[in-house]
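Report on one structure; see the data block that follows.
The values are calculated or read from the model by the stated rules, or taken from the named source; none is laboratory data. Just so it is clear, the structure is predicted and the values come from calculations on it, not from any experiment. Positions of Cβ are backbone-derived with ideal geometry, glycine not excepted, and every protein chain shown enters the neighbour counts. Each accessible area value is taken on the protein alone, full model and side chains, heavy atoms only, with ligands, DNA and RNA left out. Shrake-Rupley method; radii C 1.70, N 1.55, O 1.52, S 1.80 Å.
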Amino acid sequence: MITEALLKERDKQAKWNGIPLLLQKLYEQSHPNSDFSQCQSILKEISPLLSMEAMAFVIEDRIAAQESTFPNTYTFDLFGGVDLLVEILMRPTLITQKKKQKISDDLIKDCLSILYNTCICTEGVTRRLAERNDFVLFLFTLMTNKKTFLQTATLIEDMLGVKKEMLQLDDIPNLSSLVSSFDQQQLANFCRILAVTISELDTGSHDKHTLLAKNAQQKKNLGPSRAEINQATLLNIPGFIERLCKLATRKVSETTGTSSFLQELEEWYTWLDNALVLDALVRVASEEAEQSSTESSDESGSTNVSTQTELPQSMKIMHEIMYKLEVLYVLCVLLMGRQRNQVHKMIAEFKLIPGLNNLFDKLIWRKHSASALVLHGHNQNCDCSPDITLKIQFLRLLQSFSDHHENKYLLLNSQELNELSAISHKANIPEVDAVVNTDRSLVCDGKRGLLTKLLQVMKKEPAESSFRFWQARAVESFLRGTTSYADQMFLLKRGLLEHILYCIVDSECKSRDVLQSYFDLLGELMKFNIDAFKRFNKYINTDEKFQTFLNQINSSLVDSNMLVRCITLSLDRFENQSDAEVAEVLSECRLLSYMSQMSMRMSFLFRLINIIHVQTLTQENVSCLNTSLVILMLARRKEKLPFYLRTLQQMEYTKKYPGFILNNFHSLLRFWQQHYLNKDKDSTCLENSSCISFTYWKETVSILLSPDRTSPCAIVSYIDEAYMDIDRDFSESGSGF
């Protein structure tokens, strides 16, 4: 609408670099009956102006880049460039004439490339495009074309990342045939897009992580979430899981490495969106090319080598690592979803676990050379390297796979399964059904299974390593559920208990996350196992060591309470046995002697109740409430409940704050009823981990919450009328307490 003369006149002053004039030409050349023949040459003029800015954005430090301005992309968007390109791309789908317009692949590529560069540099463009559902779905149709696949996938990924409402995969036209048309490389890249559509969106607000807020949210969302619907959609695509398992387990030698080196690099650059990674890759590649080169070392010779040789091995490995990362993430999310059992069955059938076991040494936990992808300004243990991310993703997958599922025994090989049976026979206890029923054709092969290999690398891990947390979580999930003596002994024989104690006591681990994962693992390893307590006593053989251990436990009860629960439960069971060996361990073991003191149990109980409140309960600290309940249930069994409640009352008075613990505990137990009486999964977890029936849990809570002030087991009997504060209701919004 603005005249050409006016545009020209303003162009120099405003430093528009001729972009509005070019857009005007593009608009004229792309009218409904146009054959688009002139469009490409115009785009070729616009493209460099925008790609220079995009390159600057990627290379500059991101924060500095945000503060910079990118005038060309801003001008391009201001004068309607983004909307015009969307219209050009979608034109063929909108026209109803018999003769459909055909856009060349190169034109599509140029349009996508310019849109992507504008999205990178100009705030709000990605979000605006993402809200155009018709355009998002249209982009998926472009993915059938190999030539435009990568540009399309990159743009879609960015758009879905900022889209307010999660995309429904069911809406994508012909999704099944689209996925089946992908080769393995495209499928791996497609997994990046899927990741955004199957993970629950994190609201980012810390409050949302409280159980109160989560429960309120669940009441609002009665049906399955979009992410859950999308997970089901994926599982219905024929052969999808099988292909993911093949991708996850294929060896580097099976990948095709014939494509030209520069083309691969270009694709990498688009994907990684990080020039530093590219620099590192080029350096690794050129080093390898130089080493393998027998040609002259002049400039033209070495250039020739790097473009003509097949992709260097280190590049192939990095490529494969990036693919596996995406695939393992998708499998991990599906393993934690509603269709967990179906996914488990498929993953077992398609031999994911034995396949990963075969890749463990050479790819997943490979020893990498000093030059292998260390990003500029980072070190090899920095969490942003693909090598490290793959290890963490692999450990998360193992954790999801083992957690409360009998398929966990697929992590062993046949010999190791026989060892479990032998442990049970020797101890004269029945074998675990899941061990007997494990299909031997689906287990790991080779000298060692995946669990044993994991234990080996765990012991060698440096003290400050970020992997320690994930390794401990993965091994702990193997032990979770109903306590199995054979599983515990299998790990105890391999020195796991001594390794954990070394980390907690001798290396005096400081990381809260790592400490929590070690305490949880130690609890599962020692629970009800007299041999484990013997080993503990043998290792913690001085008062000084024992004091260090106690200091670590007491430094954060939120982190160590699962171990406190395990010791309390084990002590209770051992005290009820008449075995001479057990009696000997009871008298000699420092840990059991310590916990058998009433004053110590009361101290733990008082602190456990004091560190949590209904408004601050999360998945992370609700275990403190359950541990305090375990202490009181065991007291109730011995008819000591009134004594414990009276002692809590006395402790309140000593602290000169009557009522503050018992009022808080009353509120916590009311929340407990609300939370657990609606969920069957949580209740089975509580039963399995404590060997106390859920009925007994419920009865104990009811007795404690009884309104009868004459009942010796009711909390209200121990709160003086003047300090009573139990009728206040806690609201879901989090403000009532």
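Just a yes or no: is a residue in segment 566-581 at pLDDT 95 or above, open to solvent by 10 Å² or more (accessible area, probe 1.4 Å) and basic (Lys, Arg)? Looking for residues that are at pLDDT 95 or above, open to solvent by 10 Å² or more (accessible area, probe 1.4 Å) and basic (Lys, Arg), one finds at least one in segment 566-581, hence yes.
Within segment 582-621, how many residues are more than 18 Å from ARG670 (Cβ to Cβ) and polar (S, T, N, Q)? Residues meeting the conditions: 7. Within segment 613-621, does at least one residue satisfy the condition of being in contact with a helix residue (DSSP H, G or I) (Cβ under 8 Å, 6 or more places away or on another chain) and exposed (fewer than 14 other Cβ atoms within 10 Å of the Cβ)? Scanning segment 613-621, I find at least one residue that is in contact with a helix residue (DSSP H, G or I) (Cβ under 8 Å, 6 or more places away or on another chain) and exposed (fewer than 14 other Cβ atoms within 10 Å of the Cβ), so the answer is yes. Inclusion of PHE643 among residues that are surrounded by 16 or more Cβ atoms within 10 Å (Cβ to Cβ), free of Cβ contacts under 8 Å to residues at least 12 places away in the same chain and among the aromatic types (Phe, Trp, Tyr) is not warranted. Scanning segment 120-134 for residues that are in a helix (DSSP H, G or I), open to solvent by 10 Å² or more (accessible area, probe 1.4 Å) and either more than 11 Å from ASP158 (Cα to Cα) or not polar (S, T, N, Q) (or both) turns up ILE120, CYS121, ARG127, ARG128, ASN133, ASP134.
Within segment 452-472, being under 10 Å from SER517 (Cα atoms) and either surrounded by 20 or more Cβ atoms within 10 Å (Cβ to Cβ) or free of Cβ contacts under 8 Å to residues at least 40 places away in the same chain (or both) holds for ARG468, TRP470, GLN471, ALA472. Checking LYS219, LYS251, LYS246 one by one, the residue that is modelled with pLDDT under 80 and either closer than 24 Å to VAL162 by Cα or open to solvent by 10 Å² or more (accessible area, probe 1.4 Å) (or both) is LYS219 and no other. Go through segment 413-442 and give me each residue that's under 30 Å from the mean Cα position of the chain (by Cα), surrounded by 12 or more Cβ atoms within 10 Å (Cβ to Cβ) and among the charged types (D, E, K, R). The answer is GLU416, and nothing else.
Matching residues to (1) touching a Ser or Thr at 6+ places or on another chain (Cβ under 6 Å); (2) of a type in the set (Ser, Thr, Tyr); (3) farther than 22 Å from SER690 by Cα:
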residue: ALA486; (1), (2), (3): yes, no, no
residue: SER517; (1), (2), (3): no, yes, no
residue: LEU522; (1), (2), (3): no, no, no
residue: ASN529; (1), (2), (3): no, no, no
residue: PHE533; (1), (2), (3): no, no, no
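Do we find that THR627 is part of a helix (DSSP H, G or I) and modelled with pLDDT of 95 or more in this structure? So THR627 fits the description; yes. Within segment 547-561, the presence of at least one residue that is farther than 24 Å from SER628 by Cβ, part of a helix (DSSP H, G or I) and either modelled with pLDDT of 95 or more or open to solvent by 10 Å² or more (accessible area, probe 1.4 Å) (or both) is confirmed. Take the residues of segment 586-608 that are farther than 16 Å from PHE643 by Cβ and open to solvent by less than 10 Å² (accessible area, probe 1.4 Å): which is nearest to the chain's Cα centre (by Cα)? Per the criteria, the residue is LEU608. Of all residue pairs spaced 6 or more apart or on separate chains, none has beta-carbon atoms under 7 Å together with a first member in segment 72-87 that is under 18 Å from PHE36 (Cα atoms) and at pLDDT 80 or above and a second member that is of a type in the set (Asp, Glu) and in a helix (DSSP H, G or I).
Here's the yes/no breakdown for (1) among the charged types (D, E, K, R); (2) open to solvent by 10 Å² or more (accessible area, probe 1.4 Å); (3) part of a helix (DSSP H, G or I):
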site: THR154; (1), (2), (3): no, no, yes
site: MET166; (1), (2), (3): no, yes, no
site: PRO173; (1), (2), (3): no, yes, no
site: SER176; (1), (2), (3): no, yes, yes
site: LEU187; (1), (2), (3): no, no, yes
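Across segment 476-514, the qualifying residues are those that are open to solvent by less than 20 Å² (accessible area, probe 1.4 Å) and acidic (Asp, Glu), and the one among them that is nearest to HIS425 (Cα to Cα) is ASP487.
Would you call ARG573 touching a residue at least 12 places away in the same chain (Cβ under 8 Å), out of contact with any strand residue (DSSP E or B) (no Cβ under 6 Å at 6 or more places or on another chain) and assigned to a helix (DSSP H, G or I)? It is true that ARG573 is touching a residue at least 12 places away in the same chain (Cβ under 8 Å), out of contact with any strand residue (DSSP E or B) (no Cβ under 6 Å at 6 or more places or on another chain) and assigned to a helix (DSSP H, G or I).
Checked against the criteria, PHE533 counts as crowded, with 19+ Cβ neighbours inside 10 Å and among the aromatic types (Phe, Trp, Tyr).
Condition check ((1) in contact (Cβ under 8 Å) with a residue 12 or more places away in the chain; (2) farther than 22 Å from ALA714 by Cβ) across all residues:
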site	(1), (2)
ARG601	yes, no
ILE611	yes, yes
VAL622	yes, yes
THR627	yes, no
ILE631	yes, no
TYR653	no, no
PRO658	yes, no
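The requirement of being within 29 Å of PRO71 (Cβ to Cβ) and open to solvent by 40 Å² or more (accessible area, probe 1.4 Å) is fulfilled nowhere in segment 135-150; no residue meets it. Per this entry, PRO386 is counted among residues that are buried (at least 16 other Cβ atoms within 10 Å of the Cβ) and at pLDDT below 85.
Remark: pairs (first residue in segment 128-153, farther than 15 Å from ASN189 by Cα; second residue among the polar types (S, T, N, Q) and part of a loop (DSSP other than H, G, I, E, B); Cβ separation under 9 Å; 6+ apart in sequence or on different chains) = THR141/ASN174.
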